[in-house]
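Report on one structure; see the data block that follows.
None of the figures in this text is laboratory data; all of them are computed from the coordinates on show. These figures come from a predicted structure and were not determined experimentally. FYI the Cβ positions are ideal-geometry reconstructions off the backbone, even for glycines, and counts take in every protein chain you see.
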Amino acid sequence: MSRGGRGGGRGGGRGGGNPAMAMMPFELMGDLGSGGLFNVQTDLFPEREIAYPRAPTTREKEQLAASKSYRQALKSSAFYLRPPPPPKDIERYSDRYKANLDKPPSLQIISSNTSFFPDELHSILDPKKKVKARKQTYDQSNALRDLDALTNEAENGNKAGEDDDEDEEKEGQGSGAEEEDYDDEEDMIDDNDYGQNYFDNGEGDDIDDDDEGGGDFF
Amino acid sequence: MSTQPRLCREIVLEHFGPIVEQVAQVLLTKGRLTLSGIVQFTQMPVRTVREALVVMIQHNICFYAEAREGLRQVCFYSIGQDEILLRLRIGRIIYWSGEWFGKEASTITHLMLLNGRLTLKDLKQWVKDNESSPQQKIVAYEQKFSQLASKRFITAVMPEDSKARIDRKLEAEAIAVNELLLGPSTREKAEIEFKVQQQLDDEDQSRQMIGMKRKVTETMDDDDEVSASKRFALTVEMEVEDDVFFRINYKQFTKYFRNEAVIDQATDIINRGAGQVLRLFLEQSDSFTGGIGKEESQPTSALHVASVLPHDMFTETGLDSREDSVHNERPTAADIVTEYFELLRQSPAKFIKRADNKGHNFFVVDFKSIRLYMMRKLFDKLMKSRFGNSTCRIARILIEKGKLEEKQARAFDIMNAHGLQAVQKMAMLPAKDTREKLALLCTHGICDIQEVPKSADRAPSRTIFLWFVSLDKCYQELLIDLYRSIANVRQRIRHELATRQRLLEKMERKDVSENQDLLSAGDKKAIEELNKKVERLEVSAGRLDEMVMVYRDF
């Protein structure tokens, strides 16, 4: 973290001199390690002279004024997002004079073209647009996976099928973001059919197969 | 490089608030993320994250890319660090657009930067709501808008702008690779990459005139002899369409700033007349409209410049009065300009150079050498103020002489090698001081040692040590230092405001903001002191940004 020094930069140390070093040839200084050259003072806040900068010119002052007015305008616009204020506990005298931090204008009133934004964000700009349902695009490489999923469904009865139906309904309604996250989780569970395909905890094994298991050992 | 993200965070915090800053921080540290990724890392509600992303995309600092993952279409978001760093210049841009084009232009740029993107329709609406006597003003504003658009200070926004550039590039490359029959070899890949880059650059350039339509004005009604084609060329003007969104084109502003800086350098080194001549040269050769990366301007000759020279320049400049010429003969404009060209050409910054392939006596402005000169000058100044005179002297010797070696007695002239003793001789310092100062420069990364071993076992007593300075590396380090300094300054401003939080809240009270006298004398003094401090800090941040401009953008 900075020490709050103005203008940054590192210490312009003067380099503490070492009188005994004067005669040492440079090649042998490697043997001294860093005790030779870097014998500088090691205070946390060493003394240093700080130069005075030039006074601000009129141009710079006007630039500063423009920048300040811009930032103030930005702060009161819809683009400055604040966390919601804490709930009031008791009524205080100074509340009368508090500057009215009215709820800042919401992002819906900014004029912008929704084509500039990805689909997920359209609901912020235009509250009438519901969150678009994710498009389940049909992908050749995933056809096999889908088939596997279907066969697993048939095995496990209709339990998986009911979950999927629930998903479809929720997607169809296009309700808020929480549902979308819920869908994501469901999707992730569905895709992970490793567990359904490969884990076999031995419940379905016939006891008669014991003798045939010997072939697997190498 | 943690200095850049830190500075980006400070800027975003100041402009857009703490929520957007958190989202930006996650994107800066983790790279590209999807919406759910951001939610996971920031622990904020989804709607808030969405709003923050909308704010950032609207202000052109965040990009998105839609990709396919398995069955789903996901959208990745990424941050543009360069765009955020350019926001440091907003005050400068608003001020100078007012200086160059008038008060309406500064209002237009202010509004455009406030909203991120703006249409002409919205501008007119704002004028109606906020200005007195709007009817006349609307015409003036519209005119200024068209002027800014035709000079490309503002450009139209296309939906592709918010899409990450690298995705477009990768897509185009993938398409090109697919067209090859066999798998691409490395050379073909490199060619494809180059071609795709060119294509994208050309597309960007050709987008300049989008959003404008032609407006034919009736200026030559009575001149029937003008041929139809000529009339079209003379009277066509570009007008801005009402519904297209525009945004600020930072590159164009940077180009103007660069030209101004170059002219200031000429004025400093030579004289005011030289500065004016150079300005005319640049205007003539259309440097105000070309790309910024160009090393040279278009060529012009002395005659061209002389023809646009304003007449009152004769009496103001010092070159006019010559005692050795015939008294009755006034020097012609072309002569004066030629003399100035000579001065510009031979100055240490080498402003212009000959371009005889375009014609006799044609010159071009050599931006590259001016840029190097400015960078070097700034670097020297900074070193001097940081280390003192003698250390600076040593560094200058090293820069000029190449690599300096341990002992002068060796006649090894590997790239002009001299020794520690030679450095000592040239810098006129005792041995102890030389060594210390060289070590100091080394710790600051300015000079380096090159070891040349004499024996196979590389014993330090039997190797030659060459000290040298690598200027490119120094400039890059300096740029990072500048970023760190600006971030420090911003943090200090925040700290100063934070320690006086109670006082600032007092200022915001309704009764105080109307009547300042309700504050006690101590409070008023404290406010004044705060304002002065913040002013000085902000001004120094602005100057640092100027230096960043020299090193990064020119």
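Can you work out the PRE-style zone for residue A:59? Point 7 Å along Cα to Cβ, and I want the residues of segment B:73-109 with backbone N under 15 Å.
B:91-101
Rounded, prolate or oblate for segment B:86-214? Axes are the square roots of the Cα gyration tensor eigenvalues, ordered a ≥ b ≥ c, and the cut-off for rounded is a/c under 1.5.
In terms of gyration-tensor shape, prolate.
How would B:3, B:391, B:29 line up from fewest to most surrounding beta-carbon atoms within 10 angstrom? Intermediate values should be presented prior to the final figure.
Numbers: B:3 18, B:391 26, B:29 12.
Fewest-to-most Cβ neighbours within 10 Å comes out as B:29, B:3, B:391.
Taking H as built 1.01 Å from N, whose amide H comes closer than 5 Å to the amide H of residue B:73, not counting residues under 5 places away?
Under 5 Å from the amide H of residue B:73 lie the amide H atoms of A:135, each far enough along the sequence or on another chain.
Could you tell me the distance between the Cα centroids of segment B:107-154 and segment B:8-54, to the nearest Å?
The distance from the Cα centre of segment B:107-154 to that of segment B:8-54 comes to 31 Å.
Is the C-alpha gyration tensor of segment B:425-477 telling us rounded, prolate or oblate? Criteria: a/c under 1.5 is rounded; beyond that, a/b larger than b/c is prolate, otherwise oblate.
Working: a/c = 2.44, a/b = 1.28, b/c = 1.91.
In terms of gyration-tensor shape, oblate.
Find which of B:530, B:507, B:489 sits farthest along the positive direction of the dipole of segment B:488-533, computed with +1 on the beta-carbon of Lys and Arg, -1 on that of Asp and Glu, about the Cα centre.
The residue sitting farthest along the positive end of the dipole is B:489.
Applying 1/(1 + (r/R0)^6) with R0 = 22 Å to the Cβ-Cβ distance of residue A:93 and residue B:528, what FRET efficiency is obtained, to the nearest 0.05?
Working: r = 28 Å, r/R0 = 1.26.
With a Förster radius of 22 Å, E is 0.20.
Taking +1 at the Cβ of each Lys and Arg and -1 at the Cβ of each Asp and Glu, which of B:13, B:74, B:57 sits farthest along the dipole of segment B:3-79 towards its positive end, judged by Cα position relative to the Cα centre?
Towards the positive end, the residue furthest out is B:74.
Between rounded, prolate and oblate, where does segment B:61-138 land on the alpha carbon gyration tensor, with a ≥ b ≥ c its root eigenvalues, rounded for a/c under 1.5, else prolate if a/b exceeds b/c?
Working: a/c = 5.17, a/b = 1.95, b/c = 2.65.
Cα axes put segment B:61-138 in the oblate bin.
Considering amide H positions built from the backbone, and no H for Pro or chain starts, which residues 5 or more places from residue B:362, or on another chain, come under 5 Å of its amide H?
HN-HN under 5 Å from residue B:362: B:355.
Which residues' amide hydrogens lie under 5 Å from the amide hydrogen of residue B:239, considering only partners 5 or more residues apart or on another chain, with H built in the peptide plane?
Here B:213, B:214, B:215 satisfy the definition.
If we count other beta carbons within 10 Å of each Cβ, what is the order of B:467, B:126, fewest first? If you can, show how the numbers build up before the last one.
On the way: B:467 26, B:126 18.
If I rank by nearby Cβ atoms, fewest first, I get B:126, B:467.
With the cut-off at 28 Å, tell me which of the pairs B:189/B:473; A:68/B:144; B:144/B:532; B:255/B:381 have Cα atoms farther apart than that.
Details: B:189/B:473 30 Å; A:68/B:144 24 Å; B:144/B:532 35 Å; B:255/B:381 24 Å.
B:189/B:473; B:144/B:532, as the Cα separations exceed 28 Å there.
Can you work out ³J(HN,Hα) from phi for every residue in segment B:265-280, in order, using Karplus 6.51 cos²θ - 1.76 cosθ + 1.60 and θ = phi - 60°, giving whole Hz and x for Gly and Pro?
Computed from phi, the couplings for segment B:265-280 are 4, 4, 5, 5, 7, 9, 6, 5, x, 4, x, 5, 4, 5, 4, 5 Hz.
Given R₀ = 45 Å, what would the calculated FRET efficiency be for residue A:77 paired with residue B:450, taking r from the Cβ atoms and rounding to 0.05? Can you show the working numbers first?
Details: r = 56 Å, r/R0 = 1.24.
Efficiency computed from Cβ-Cβ geometry: 0.20.
If I model a spin label as a point 7 Å beyond the Cα along the Cα-Cβ vector, how far apart are those points for residue B:368 and residue B:241 in nm?
That separation, rounded to one decimal, is 4.1 nm.
How much length, in nm to one decimal, is gained on full extension between residue B:304 and residue B:517, taken as 0.36 nm per residue of separation minus their Cα-Cα distance? Spell out each step's value before the answer.
Working: separation 213, 0.36 × 213 = 76.68 nm, distance 6.24 nm.
70.4 nm is the gain from fully extending residue B:304 to residue B:517.
What full-extension length gain, to one decimal in nm, is calculated for residue B:428 and residue B:138 as 0.36 nm per residue of separation minus the Cα-Cα distance? Numbers along the way, then the final one.
Values: separation 290, 0.36 × 290 = 104.40 nm, distance 6.88 nm.
Value of the extension gain: 97.5 nm.
Output wanted: per-residue J couplings in Hz (rounded whole) for segment B:541-546, from phi through Karplus 6.51 cos²θ - 1.76 cosθ + 1.60, θ = phi - 60°, x for Gly and Pro.
For segment B:541-546, the Karplus-derived couplings read 5, x, 5, 4, 5, 4 Hz, x marking Gly and Pro.
May I ask you to compute the full-extension gain from residue B:128 to residue B:267, defined as 0.36 nm times their residue separation minus their alpha-carbon distance, rounded to one decimal in nm?
Details: separation 139, 0.36 × 139 = 50.04 nm, distance 4.36 nm.
Length gained between residue B:128 and residue B:267: 45.7 nm.
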